[in-house]
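First the structure, in the form of structure tokens, and then the observations on it.
The values are calculated or read from the model by the stated rules, or taken from the named source; none is laboratory data. As the structure is a prediction and not an experimental result, all values here were calculated from the model. Every residue, glycine among them, receives a Cβ derived from its backbone with ideal geometry; neighbour counts consider all protein chains shown. Heads up: the accessible areas ignore ligands, DNA and RNA and are worked out on the full protein's heavy atoms, side chains in. Shrake-Rupley method; radii C 1.70, N 1.55, O 1.52, S 1.80 Å.
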Amino acid sequence: MIEFSHVSKTYRGVRALDDVSFAVGPGCVTGFLGPNGAGKSTALRILTGLARATSGSATVFGRAYAELANPGARVGTLLDAGALHPGRTGRETLTLGAMMIGLPRTRVGEVLDLVGLTGREADRVVGGYSLGMRQRLCVGHALLGRPEVLVLDEPVNGLDPQGIHWMRVLLRGLADSGCSVLLSSHLLHEIEQVADRLVMIGRGRILAQGTVAELSRGRSLEETFLDLTANADRSVS
Amino acid sequence: MTSIPFHRLLRVETRKLFDTRSAKIMILVLAGLTVAAIVARGVVAGPRPRMLAGTAGVGFGTLLPALGILAVTGEWGHRTALTTFALEPRRHRVLAAKCLPPLLTAVAASLFALLVTVPVTMIVARVEDVPVDGGFGPLAVLGWTATNVLLVAMGLAIGMLLLNAPLSIVLYLSTPALGTFVGRLGGTGELLVRWFDLNTTVGPLAKGDLSGADAARLAASITFWIVAPMTAGFARGIRREVT
């Protein structure tokens, strides 16, 4: 459903992504794991057509994202939970998204229920939201069009344990119904709880990918991750 | 699957212009100022509709372009461009849909000012028992409305080019001072102002008596302050990587 094929990106002489290739199939939650600055957000922005790859290609449904006629109806995106207008209410934020995708207004209420925001919370301006509420609102925004593919950048960042549990149940349910989910995080323990497969990235390069069991190989996943990222740092410096 | 029709983008962008707290406050302030300014000017200056509407135009020339600047820069400032352009990657359509509502708002605001001016003029004329001052015919009304629209377009063009609200508003609001300054730089300065200072060249249009030479000067300054920055701004908005 999602495919990165030899994607490289150079920013002002710095190689942010180096020959990144991986695929995300249907019915599975793929965790995109890497330390801050590893290139996760850059990769997801290239995937969604917001930034350009220097070489290589990223596709959804076998096509460039920007070629999708009404992308919000097929691909749900959360690219930055901080990217909300503080002067708009949560309900208004979702209403604008629903209007743009061409959904009935009733979908806004459904999504609010789905992400657990109450009517009173939805009618408050986003500027007063906690980080957790913003995350829920943004996840709701991504779910508006009942997408087949979900791309979530750091969706569990800032969630409390209950929030992480909620996210796990939600994403599991979506994946079981055939949705393919790609979510990024720099927090190993949080992503370990929600993802079936992991793609590890460091310094713009894919370090390892596979199921959680394959990657840990008898050790703790944390050791594997720290080993891999440490090696990536050494090979650069 | 069909792509997003333009009218839908237009509806969304129109809604965005008015659905934030700051925009609502700005509209209320603008409406209040318009009524207050027209009434006050009417009481002091008598039943002179051109002058009364012109008073409202001073507020329009500052607040409406600021509203337009906020409309075209806001998504970059709040980074909601990430969401908007993820929903419609054909960015030129979004940018076009963003520019139209502020221009239409300038037309609506001009109509509103006229709707306030007419009764105020009549009442003042009746109370003070003086005849209504003529000279605000259809052509003058049209020219005055077009002036309000052009000033908003100038704000939009600056906003599109700079993609930064405070910077754009400051630049827009300092253009009259800039014109004055350049105008004092000798013969070349005067020539530049006569041809390229939009605040100066809209004068004849706002009065509704545009000669051929005036029109040429107006066109030159529209090219400089609206067409060129708007074109560059479109290119920038379409190419810029959203981060």
Angle between chain B longest axis and helix B:228-239 axis [Cα atoms, degrees, rounded to 10]: 30
Amide H contacts under 5 Å for residue A:208, placed H, 5+ residues apart: A:200
Helix axis angle, A:131-143 relative to chain A longest principal axis, alpha carbon, degrees: 90
Spatially proximal lysines relative to residue A:40 (Cα-Cα < 30 Å; intrachain offsets below 8 disregarded): A:9
For residue B:101, net neighbour charge (Lys/Arg +1, Asp/Glu -1) across residues whose Cβ lies under 12 Å away: +2
Acute angle (nearest 10 degrees) that the helix B:212-222 long axis makes with the longest principal axis of chain B, alpha-carbon atoms: 40
Amide proton proximity set for residue A:89, modelled H, under 5 Å, gap of 5+: A:126
Along principal axes, Cα extents of the stretch B:6-239, largest first, whole Å: 62, 46, 27
Assigned charges on the beta-carbon of Lys, Arg, Asp, Glu; the stretch B:6-239 dipole about Cα centre (debye): 840
Per residue accessible area in Å² of chain B, where ligands, DNA and RNA are left out and the probe is 1.4 Å: 46
Helix-only CD estimate at 222 nm, as mean residue ellipticity for chain B, using -39500 (n - 2.57) per DSSP H run (n ≥ 4): -28000 deg cm²/dmol
Accessible area buried at the B-A interface, both sides summed, 1.4 Å probe (Å², nearest 100): 3100
Heavy-atom surface of the stretch A:120-237, accessible at 1.4 Å and reported per residue (Å²): 44
Vicinal HN-Hα couplings computed from phi for the stretch B:163-177 (Karplus, 6.51 cos²θ - 1.76 cosθ + 1.60; Hz; Gly/Pro x): 6, 8, 5, x, 4, 5, 5, 4, 4, 4, 5, 8, 4, x, 5
For chain B: relative contact order, % (alpha-carbon pairs under 8 angstrom, 6 or more apart): 24
Residues of type lysines that residue B:16 reaches as a straight line, Cα spacing below 17 Å, ignoring anything fewer than 8 places off in the same chain: B:24, B:98
Apportionment of accessible area to carbon and sulfur, the stretch B:46-134, percent (1.4 Å): 72
In sequence order, calculated HN-Hα J values of the stretch B:38-44 (Karplus, 6.51, -1.76, 1.60; Hz; x Gly/Pro): 5, 4, 4, 5, x, 5, 7
Charge dipole of the protein assembly as shown about the Cα centre (unit charges at C-beta), most positive-ward option of A:161, B:97, A:59: B:97
GNM result for chain B, Cα springs below 10 Å: residue of B:34, B:147, B:20 fluctuating most strongly: B:20
Theoretical ellipticity at 222 nm over chain A - DSSP helices of four or more residues, -39500 (n - 2.57) apiece, nearest 500: -11500 deg cm²/dmol
Projected area averaged over orientations for the protein assembly as shown, convex hull of C-alpha atoms, nm²: 27.7
GNM result for chain A, Cα springs below 10 Å: residue of A:71, A:155, A:86 fluctuating most strongly: A:86
Stokes-Einstein D (µm²/s) once Rh is taken as the Kirkwood radius of chain A over alpha-carbon pairs, at 25 °C in 0.890 mPa s: 135
Span from the the stretch A:51-70 Cα centroid across to the the stretch A:132-166 one, whole angstrom: 23
Candidates B:209, B:129, B:197, ranked by Gaussian network fluctuation over chain B, Cα under 10 Å, top entry: B:129
Centroid-to-centroid separation of the stretch A:188-233 and the stretch B:37-100 [C-alpha atoms, Å]: 51
Sulfur and carbon atoms: percent of accessible area, the stretch B:188-235 [1.4 Å]: 72
Phi to ³J(HN,Hα) by Karplus 6.51 cos²θ - 1.76 cosθ + 1.60 over the stretch B:16-28, Hz, x for Gly, Pro: 4, 5, 10, 9, 9, 4, 5, 5, 4, 4, 4, 5, 5
